[in-house]
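Undergrad: The structure under discussion is supplied below as structure tokens; questions concerning it will follow.
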Amino acid sequence: MNIVIIGNGITGITCARNIRKQLSDVRITVISGESDYFYSRTALMYIYMGHMKFENTKPYEDWFWQKNRIDLVKSHVTCLNTDSKSIELDTNRTISYDKLIIASGSKPNKSGLRGENLKGVQGLYNLQDLKEMTLNTSEINSAVVVGGGLIGIEMAEMLHSRNIDVTMIVREKAYWNNVLPLEEAKLISRHISAHGINVLLETELKEFIPDENGRVKAVQTDSDKIIPCQFAGVTIGVSPNIDFLKESPLETDRGILVNEYLETNIPDVYAAGDCAQFRNPKAGHPAIEQLWYTGKMQAEALAEIIYGNKKVYNRGIWFNSAKFFNIEYQTYGEVNPELNDHTQSFYWEHPNGNLAFRANFSKVSKCIKGFNFLGIRFRQVIAEDWIRNHKTIEYVIENLNQGWFDPEFSIPYYNDIKHMFSISENNNTFCTD
Amino acid sequence: MPDQSLSIAKPSESHFIQKVGATLAAAAILCAFIAAFGPGKAHPLLFFFLITGLIAAGGITYSIPYYKAIPGIKNNGIMQNPATSRGAIAWGIGVLMTGFYIILYWYPYYLEGLIRTMDPLSLILRGKISDQWFLYGTFYTLAVLIMGLRFIGKYKHSRYQIFRTISVMFFQLGFAFLIPAFLQKLNQPEFYFSYFWPLKYSYLFPDDINYLISSGNIGIFMIFWGLMMTFIATPILTYNYGKRWYCSWVCGCGALAETLGDPYRQNSDKTLKAWKIERWMIYPILAFITLTTILLWLNSWKSGTILGTFSGLFSQWYGFLIGSAFSGVIGTGFYPIMGSRVWCRFGCPMAAILGLLQRFKSRFRITTNGGQCISCGNCSTYCEMGIDVRAYAQKGENIIRSSCVGCGVCSSVCPRGVLRLENIREEDRFIPYTRYEDKI
């Protein structure tokens, strides 16, 4: 059998590796136009900041692929021909497949504003973007980052590390407030400001203003404020990278439409990761999952499906993590920015304003629904176990130490949390809205 | 909350302060050169204060930005800086350090002027004038203290790192510098209570033992201490806390690697090939020193009839090849090129024993937090022992490797809080994380 995988990101490579572990006699080909070898996209920022070299971001040594008989092809796919079960590459090569996995990832969203194609205006998603950003920012001293999401704050930190003044333009009331509850969003906003980043909240961008050479020299906000800059990072989300499939009979919407087995409408063609869109997502789950973790889990599920263990993709209990400058973030279960009628919330913040803990729980049954941790490390298995088994908030607070994952000798803040919880409980002062 | 923005130095200001610090340190080295060529003999006190003062001032100045910064890991520019990424400056420092070791071990008379600058201190501490080893010990301790200060600043967000560094600074200053010096002043054997066989291999050789026995009660205590540490305390402590109790909390070699060597930790080789070489070196060296010790005892028991005139040849060769050339010249001189733990990783027989215990009989592991790894590679990059930490973490496996010295930097640099050093149950430490959904 001949298995062809488009994309050498975490999804494509996890598929390839897991299939190889189970099936030793299939042919596996991975095609990527981005890089010769799999590297960790999450580490792009660290290359720019000088924490790592590109070499360090490759999770496997180069000999690994030949040893595991995974053929790597560096090309862009130009066309998919489902009748002849083949794909065409930009090198005019044609590769046929018995099963095709599309894991082509994302591309940065465009702003649609005037001046978005100017020199010095760009997004950040892949290696080429990073190279461009390195050139674009080599001798500048001020930059603007548009968008208050995960890549936006990464870009701000990257630029800051090279001594560039950064202004962040954020639409929400506080950083990432469309995902984080207001308290956490405010905490992070303060932390960003503490690094000397100028954060403009509740501000939207109107246009990018060019200089005489066609390079961005300023941006204008919706309140007509002009902010001079020599670079503008546009980080307003990503969308499935599926333009090369336009002419194909694959059904697409924003992404490639798949069922719960990651099958597309064409037999033997599958899609997974950022580029896939579920036709019928489960209640409360997004149709497109654009995370490292979900990309990996979808790939693990798809590999099983390919080697015949047909099982519905099940994301399990939601979790995610990030790092906002120096503050680590972990979340488990359901923590929405706004509480609904059935949910109560307990929030603790350290007086230093750099650490926080939130537990959301059911108003009636008191069962735990989700957690946010800022600057605190917590065990995933414990958090998930408590959510899955409907532990009550009292149980959770009482046993927080079991899940504590901060390094040895760290201050056991769970005692402070326990103390504040008992005060809140006595006064019945949990947040309900 | 206080407004921190005013107190935070911008990266450019930090650069400037660090350049000043580095310049002061370079001036100290220049003074040492000048002193070595003779003037040190004529003006020992002047040069002593010039060298130590400039080193201290340089190190402290260099560390200021770390203390001013918002707590957290910032390895900015390490891979772009020629001093830390095997550039020209790194090679220059490597040549300088290697050269120093070669002169120190085999041509100490070239250091005469420099050695004399240590006379005043040596007289106070040891009651006799300085020699090359006291000069070396002073520089060594100074490096651990000054660069330890820098390390604490850099990793000030982690109490594990702070406590550990204070510990190695304490053991270096007290157990490896002051106490051996005072012992000499009191006409007692110069004994290092923080070094044990087989790292300090001669401590269980017949010659040393006989000498200690002849030194009376304190000598007997030293023998007892050495035997107890090697054969009783080592297995017990390693079972409970892993190899780290020694390698990154007590040991002087570890102390220098963690402090002076910290800027170079990312240069350790992470390839599978390097791991193979490591195992082919460290265990034969352990076998060699064990064999040598046994042979020497047999020889001594048979009153010299086994080895005859070759008595001690083994130990002499070991001393030259491993004790001096490897641990000093390569082990420290090559820091800037091969990373900070060259000796500990490829040569130290003590590390070999501790490693075997850690791998097969210990409660220590680095726990991977579920499926949280994002494969970024910071952990592997900054592992001074060249362990590909990520290879385990991304599979949800705990990291249990004989070479791990438990410095905790992988955990400190992890941007997702995935790694935790801990001593818990021995039984389940090799069981990897499996998603609940995959178990049912």
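The values are calculated or read from the model by the stated rules, or taken from the named source; none is laboratory data. Just so it is clear, the model here is predicted, and its values are computed rather than measured. In this analysis, Cβ positions are derived from the backbone assuming ideal geometry, glycine residues included, and neighbour counts consider all displayed protein chains. Just so you know, the surface numbers come from the protein's heavy atoms only, side chains and all, with ligands and any DNA or RNA stripped out. Shrake-Rupley method; radii C 1.70, N 1.55, O 1.52, S 1.80 Å.
Undergrad: From the list B:Tyr105, B:Tyr66, exactly one residue is farther than 25 Å from B:Leu46 by Cβ and within 14 Å of chain A (Cβ to nearest Cβ). Which is it?
TA: Going through B:Tyr105, B:Tyr66 in turn, just one is farther than 25 Å from B:Leu46 by Cβ and within 14 Å of chain A (Cβ to nearest Cβ): B:Tyr66.
Undergrad: Still on this structure, please answer the following. Could you say whether any residue in the range B:114-124 is more than 24 Å from B:Gly21 (Cβ to Cβ) and polar (S, T, N, Q)?
TA: Within the range B:114-124 (the criterion being more than 24 Å from B:Gly21 (Cβ to Cβ) and polar (S, T, N, Q)), the answer is yes, since at least one residue qualifies.
Undergrad: While we're on this one: Tell me, please, whether a residue that is more than 17 Å from A:Phe208 (Cβ to Cβ), away from chain B (no Cβ under 14 Å), open to solvent by 20 Å² or more (accessible area, probe 1.4 Å) and more than 22 Å from the chain's Cα centre (by Cα) can be found in the range A:119-138.
TA: Yes.
Undergrad: Just give me the residues in the range A:162-200 being under 15 Å from A:Lys323 (Cα atoms) and facing chain B (nearest Cβ under 10 Å), in sequence order.
TA: Of everything in the range A:162-200, those that are under 15 Å from A:Lys323 (Cα atoms) and facing chain B (nearest Cβ under 10 Å) turn out to be A:Leu187, A:Arg190, A:His191, A:His195.
Undergrad: Just one of A:Ile236, A:Ile242, A:Ile227 is within 11 Å of A:Ala143 (Cα to Cα) and either touching a strand residue (DSSP E or B) at 6+ places or on another chain (Cβ under 9 Å) or assigned by TED's automatic domain parsing to the domain that holds A:Pro286 (or both); which is it?
TA: A:Ile227
Undergrad: Same structure again: For B:Ile277, work out the one condition from (1) surrounded by fewer than 23 Cβ atoms within 10 Å (Cβ to Cβ); (2) among the β-branched types (Val, Ile, Thr); (3) closer than 26 Å to B:Phe139 by Cβ it doesn't fulfil.
TA: With (1) surrounded by fewer than 23 Cβ atoms within 10 Å (Cβ to Cβ); (2) among the β-branched types (Val, Ile, Thr); (3) closer than 26 Å to B:Phe139 by Cβ applied to B:Ile277, the lone miss is (3).
Undergrad: Are any residues in the range B:407-428 over 11 Å from B:Ser158 (Cβ atoms) and polar (S, T, N, Q), and if so, which ones?
TA: Selection gives B:Asn423 alone.
Undergrad: Moving to a separate point now. Determine the pairs where a residue that is surrounded by 20 or more Cβ atoms within 10 Å (Cβ to Cβ), located within the range B:229-249, has a partner that is part of a helix (DSSP H, G or I) and small (Gly, Ala, Ser) with Cβ atoms under 8 Å apart, the partner being 6 or more residues away or on another chain.
TA: Taking only residues 6 or more apart or on different chains, the pairs are B:Lys243/B:Ala351; B:Lys243/B:Gly355; B:Tyr246/B:Gly254; B:Cys247/B:Gly254; B:Cys247/B:Ala351; B:Ser248/B:Gly254; B:Trp249/B:Ser167.
Undergrad: Within the range B:77-97, is even one residue more than 14 Å from chain A (Cβ to nearest Cβ) and part of a loop (DSSP other than H, G, I, E, B)?
TA: no
Undergrad: Now, a different point. Collect the residues in the range B:326-342 that are in contact (Cβ under 8 Å) with a residue 60 or more places away in the chain, open to solvent by 20 Å² or more (accessible area, probe 1.4 Å) and of a type outside the set (Val, Ile, Thr), keeping them in residue-number order.
TA: B:Ser327, B:Phe334, B:Met338
Undergrad: Scan the range B:359-397 residue by residue and report those that are touching a Leu at 6+ places or on another chain (Cβ under 9 Å), more than 10 Å from every other protein chain (Cβ to nearest Cβ) and open to solvent by 20 Å² or more (accessible area, probe 1.4 Å).
TA: none
Undergrad: Check whether at least one residue in the range B:151-161 is touching a strand residue (DSSP E or B) at 6+ places or on another chain (Cβ under 9 Å), of a type outside the set (Gly, Ala, Ser) and either part of a loop (DSSP other than H, G, I, E, B) or open to solvent by less than 20 Å² (accessible area, probe 1.4 Å) (or both), and report yes or no.
TA: Scanning the range B:151-161 turns up at least one residue that is touching a strand residue (DSSP E or B) at 6+ places or on another chain (Cβ under 9 Å), of a type outside the set (Gly, Ala, Ser) and either part of a loop (DSSP other than H, G, I, E, B) or open to solvent by less than 20 Å² (accessible area, probe 1.4 Å) (or both).
Rundown of residues vs (1) away from chain B (no Cβ under 14 Å); (2) in a helix (DSSP H, G or I); (3) surrounded by 15 or more Cβ atoms within 10 Å (Cβ to Cβ); (4) touching a Phe, Trp or Tyr at 6+ places or on another chain (Cβ under 9 Å), yes/no style:
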site: A:Ile19; (1), (2), (3), (4): yes, yes, yes, yes
site: A:Ile31; (1), (2), (3), (4): yes, no, yes, no
site: A:Asp36; (1), (2), (3), (4): yes, no, no, no
site: A:Leu44; (1), (2), (3), (4): no, yes, yes, yes
site: A:Met52; (1), (2), (3), (4): no, no, yes, yes
site: A:Val73; (1), (2), (3), (4): yes, no, yes, no
site: A:Glu116; (1), (2), (3), (4): yes, no, yes, yes
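Undergrad: I would also like to ask the following. Go through (1) in a helix (DSSP H, G or I); (2) within 14 Å of chain A (Cβ to nearest Cβ) for B:Asp269 and report which single condition fails.
TA: Among (1) in a helix (DSSP H, G or I); (2) within 14 Å of chain A (Cβ to nearest Cβ), the lone unmet condition for B:Asp269 is (1).
Yes or no, residue by residue, for (1) free of Cβ contacts under 8 Å to residues at least 12 places away in the same chain; (2) open to solvent by less than 40 Å² (accessible area, probe 1.4 Å):
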site	(1), (2)
A:Gly147	no, yes
A:Met158	no, yes
A:Glu172	no, yes
A:Tyr175	no, yes
A:Asn178	no, no
A:Ile192	no, yes
A:Leu205	no, yes
A:Ala218	yes, yes
A:Ser223	no, no
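Undergrad: Restricting to the range B:67-102, and then to whatever is open to solvent by less than 60 Å² (accessible area, probe 1.4 Å) and of a type in the set (Val, Ile, Thr), can you tell me which residue is nearest to B:Cys379 (Cα to Cα)?
TA: B:Ile73
Undergrad: State the number of residues belonging to the range A:377-411 that are open to solvent by less than 30 Å² (accessible area, probe 1.4 Å), out of contact with any Gly (no Cβ under 6 Å at 6 or more places or on another chain) and among the basic types (Lys, Arg).
TA: 0
Undergrad: For the range B:356-390, give me each residue that is part of a helix (DSSP H, G or I) and over 16 Å from B:Val413 (Cα atoms).
TA: Within the range B:356-390, B:Leu356, B:Leu357, B:Gln358, B:Arg359, B:Phe360 meet the criteria.
Undergrad: Going through the range A:359-376 one residue at a time, which ones are in a strand (DSSP E or B), closer than 16 Å to A:Glu425 by Cβ and open to solvent by 10 Å² or more (accessible area, probe 1.4 Å)?
TA: A:Ser362, A:Cys367
Undergrad: Follow-up question, since we're still on this one. Please state which one of A:Ser362, A:Ser345 is in contact (Cβ under 8 Å) with a residue 60 or more places away in the chain, of a type in the set (Gly, Ala, Ser) and more than 14 Å from chain B (Cβ to nearest Cβ).
TA: A:Ser345
Yes or no, residue by residue, for (1) among the hydroxyl-bearing types (Ser, Thr, Tyr); (2) at negative phi; (3) at pLDDT 95 or above:
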| residue | (1), (2), (3) |
| --- | --- |
| A:Tyr261 | yes, yes, yes |
| A:Asp268 | no, no, yes |
| A:Gly273 | no, no, yes |
| A:Arg279 | no, yes, yes |
| A:Ala287 | no, yes, yes |
| A:Tyr293 | yes, yes, yes |
| A:Val312 | no, yes, no |
